[in-house]
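Peer 1: Mind having a look at this structure? Questions to follow.
The values are calculated or read from the model by the stated rules, or taken from the named source; none is laboratory data. None of the values given here were measured: they were computed from a predicted structure. Every residue, glycine as well, gets a Cβ built from its backbone with ideal geometry; the counts of neighbours run over all protein chains shown.
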Amino acid sequence: MRAAGFGFADSSESADVVIFNTCSVRERAAHKVFTRIGEVRRQRLNREPVVGVMGCVAQLEGLTLFDNSPSVNLIVGTRATDRLPELIGRALEGESRVIDLDERAEGERWDVPATARTSKHVAFVPIIEGCNKFCTYCIVPFSRGREKSRTASEIIAEIDELRDAGYREIHLIGQNVNSYRPRTGAGLEGFKGATPFCRLLRAAAATGMERIKFTTSFPRDFHPDIVNAIDEHENLCDWIHLPAQSGSDRVLRAMRRGHTVADYYRRIAKIKNARRRLAITSDIIVGFPGETEADFQDTMALVEQLGYDALYIFKYSERPGTPAAKLDDDVTQGEKKARFLELESLQQRLQQKIYESYLGKQVQVLAERPSVKSDRDMSGHSTCHKVINFPRASITAGQ
Ligand code: SF4
């Protein structure tokens, strides 16, 4: 956008163009967008700006957004981001309904130039977008489309550019990074590995970028060779996020996750046998339709046994249009809340023990920003992706 001559306005009241970038993983996303559009319209009765919606809600709702909200002039799908300047240009010239829900075109860029990033030290590098897994509760395959991988040569060129611009940490990102499957092997020549993602990890490590993290991993596609690559390269960081979602095979089947609890344990066993201690984090959904107290206790047992460094717990809530939305949501709000709190309390107890095991040890932390807790402190992440607050002293961001 900057390259096309656009800049940020101070507020939506002074902007010529107001774009809502939306995420449908959040509950009631479309509803929230309509509320915000209404607010902008009320602020700007005299001179209405071009109002656009982009991201997942745009992709899912499509033309109906025009019908439901006459203030919207522009709808930009999840793969049309590179065409945004041209689309805004058409809306500014007076075209009343500009919409683009098409696929990313050949040669369009996925990355943000190093000079236009908000952090000068940590950068996110997309390697795959979309998802083919169709877990029954998830809207992502509908909003982000099928998996599409970037070529490794493009990814490696971006990492080189970031390293040369002084970046010290990158995150290879995608809905399922270990499902990475580019159409050609360009950029992976000379790098071995059991899967294209394992080869990409080794190629990324060879760039000399100081710290490399990746997220999110899908258990079924998590090949043990990923751990071998981490063992071989110190700059592949000691942290893996591997969502379990449930400790009950019955619930995993209903979620259509494509793996069993035993499969998951096997992946974790390999991770726990790594040369360095690798921090493991996970996601759990409590109160999925049909989840019984016994199923939930299986999840408690899994969490107790595995001892996660951090756990993101979600109470199930329906996403319209997903297969799970057709199931009877028979776990009451009260039960969901009680299970959430029980699991949270278990995790706090286990996490406390893990954190205490770090007492007296040294970890490498990248200072990122002033701490939100105290203006005398700085905040950053360790290589094992723990947030660390420490006295600011003479340390500056990027050290
Ligand atoms: S693998 Fe992740 S992104 Fe894909 S459908 Fe399942 S939960 Fe959604």
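Peer 1: Restricting attention to the stretch 359-376, which residues are surrounded by fewer than 16 Cβ atoms within 10 Å (Cβ to Cβ) and in contact with a strand residue (DSSP E or B) (Cβ under 9 Å, 6 or more places away or on another chain)? First the steps, then the outcome.
Peer 2: We begin by selecting, within the stretch 359-376, every residue surrounded by fewer than 16 Cβ atoms within 10 Å (Cβ to Cβ); these are 359-364, 369-370, 372-376.
Of everything in the stretch 359-376, those that are surrounded by fewer than 16 Cβ atoms within 10 Å (Cβ to Cβ) and in contact with a strand residue (DSSP E or B) (Cβ under 9 Å, 6 or more places away or on another chain) turn out to be 363, 364, 369, 370, 372, 373, 374, 376.
Peer 1: Here is a list of conditions, (1) within 23 Å of residue 33 (Cβ to Cβ); (2) within 16 Å of the ligand (Cβ to nearest atom), and residue 67 meets all of them except one; can you say which number that is?
Peer 2: Tallying (1) within 23 Å of residue 33 (Cβ to Cβ); (2) within 16 Å of the ligand (Cβ to nearest atom), residue 67 fails exactly one: (2).
Peer 1: Further question: Any idea which of (1) assigned to a helix (DSSP H, G or I); (2) within 18 Å of residue 353 (Cβ to Cβ) is the one residue 282 doesn't satisfy?
Peer 2: Of everything listed in (1) assigned to a helix (DSSP H, G or I); (2) within 18 Å of residue 353 (Cβ to Cβ), residue 282 misses just condition (1).
Peer 1: Looking at the stretch 279-301, which of its residues are crowded, with 20+ Cβ neighbours inside 10 Å and of a type outside the set (Asp, Glu)?
Peer 2: Selection gives 279, 280, 282, 284, 285, 286, 287, 288, 296, 299.
Peer 1: Please work out which residue is surrounded by the most Cβ atoms within 10 Å (Cβ to Cβ), limiting yourself to the stretch 147-187 and to residues that are touching a residue at least 60 places away in the same chain (Cβ under 8 Å) and assigned to a loop (DSSP other than H, G, I, E, B).
Peer 2: Ranking the qualifying residues of the stretch 147-187, first place goes to 168.
Peer 1: Shifting gears a bit: When the residues of the stretch 117-140 are filtered to those that are of a type in the set (A, V, I, L, M) and in a loop (DSSP other than H, G, I, E, B), which remaining residue is nearest to the ligand (Cβ to nearest atom)?
Peer 2: Taking the stretch 117-140 as the starting set, the residues that turn out to be of a type in the set (A, V, I, L, M) are 122-123, 125, 127-128, 139-140.
With the extra rule that they be in a loop (DSSP other than H, G, I, E, B), the set shrinks to 127, 139.
On the way: 127: 15, 139: 8 Å.
Looking at residues that are of a type in the set (A, V, I, L, M) and in a loop (DSSP other than H, G, I, E, B), I get 139.
Peer 1: Output the qualifying pairs, or none if there are none: Cβ atoms under 9 angstrom, residues six or more apart or on different chains, first residue in the stretch 255-279 and over 23 Å from residue 316 (Cβ atoms), second residue aromatic (Phe, Trp, Tyr) and modelled with pLDDT of 95 or more.
Peer 2: 267/222; 270/222; 271/222; 278/239; 279/239; 279/308
Peer 1: Next question, about the same structure. Can you tell me which residues in the stretch 26-55 are in contact with a Cys (Cβ under 7 Å, 6 or more places away or on another chain) and modelled with pLDDT under 85? Quick ask: steps written out before the conclusion?
Peer 2: Our first condition is that a residue be in contact with a Cys (Cβ under 7 Å, 6 or more places away or on another chain); within the stretch 26-55, this holds for 29, 55.
Once the filter is applied, which keeps residues that are in contact with a Cys (Cβ under 7 Å, 6 or more places away or on another chain) and modelled with pLDDT under 85, the stretch 26-55 yields only 29.
Peer 1: Name the single residue that is nearest to the ligand (Cβ to nearest atom) among those in the stretch 236-267 being under 17 Å from residue 280 (Cα atoms) and part of a loop (DSSP other than H, G, I, E, B).
Peer 2: Checked the stretch 236-267; the qualifying residue nearest to the ligand (Cβ to nearest atom) is 243.
Peer 1: Still on this structure, please answer the following. What about residue 146, is it within 30 Å of residue 190 (Cβ to Cβ) and either at pLDDT below 90 or away from the ligand (no atom under 16 Å from the Cβ) (or both)?
Peer 2: No: the conditions fail for residue 146.
Peer 1: Tell me yes or no: at least one residue of the stretch 331-341 is touching a Phe, Trp or Tyr at 6+ places or on another chain (Cβ under 9 Å) and aromatic (Phe, Trp, Tyr). So that I can check it myself, show each step before the final result.
Peer 2: Within the stretch 331-341, the subset touching a Phe, Trp or Tyr at 6+ places or on another chain (Cβ under 9 Å) is 331, 335-336, 339-340.
Add one more test, that the residue is aromatic (Phe, Trp, Tyr), and what stays is 340.
Taking every residue of the stretch 331-341 in turn, at least one turns out to be touching a Phe, Trp or Tyr at 6+ places or on another chain (Cβ under 9 Å) and aromatic (Phe, Trp, Tyr).
Peer 1: Sticking with this one: How many of the residues in the stretch 188-215 are touching a Lys or Arg at 6+ places or on another chain (Cβ under 7 Å) and without any contact (Cβ under 8 Å) to a residue 12 or more places away in the chain?
Peer 2: 1
Peer 1: Looking at 20, 34, which one is part of a strand (DSSP E or B) and surrounded by 12 or more Cβ atoms within 10 Å (Cβ to Cβ)?
Peer 2: 20
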